[in-house]
Amino acid sequence: MHWYKHLYVGRKAKKKRFSIIQNIRKGRFQAGVHVITPSFGGQNIMDIYPAAVLLSEYYSKKEDLLILGIAADYYEALEVVRDIVDEMYQKTGGFSIQEFLSINGQR
């Protein structure tokens, strides 16, 4: 798992940003916290997961998992996704997450 260098953080999550990131890295349970990642398939642009999902063996061993954003709750995660999509469209003129990440020097 690695972190987007321009990590998006929700308004409520900003107050706890450091502890959220550290707890995710250390594999600690965090009630309510959600992470935003690029979608792994299908027609979606991004996926929203409760941070607790990252504790499962499948995700804890997934080295290519890129965390684009963090949020204190699900509704804030929706706002963060909206912000990412808005910026993506402004920079690329479309909805390609791969193009957006390459413009921002991530992939």
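What follows is calculated from the coordinates using simple rules that are stated; it is not laboratory data. Predicted model, so just to flag it, every value in this text is computed and none were measured.
Some notes on this structure:
- Alpha-carbon spread of the chain, three principal axes, descending order, Å: 38, 29, 23
- Equivalent-ellipsoid semi-axes of region 1-59, from the Cα gyration tensor, Å, largest first: 19, 15, 10
- Helical content alone sets the calculated 222 nm signal of the chain at -11000 deg cm²/dmol, taking -39,500 (n - 2.57) per DSSP H segment of four or more residues and averaging over every residue.
- For residue 91, the aspartates and glutamates whose Cα comes closer than 19 Å to its Cα, not counting residues fewer than 8 places off in the same chain, are 79, 83, 99.
- Partner aspartates and glutamates for residue 15 [C-alpha distance under 14 Å; skip if fewer than 8 residues away on the same chain]: 73, 76
- The chain: angle of helix 74-92 to the longest principal axis, Cα-based, in degrees nearest 10: 30 degrees
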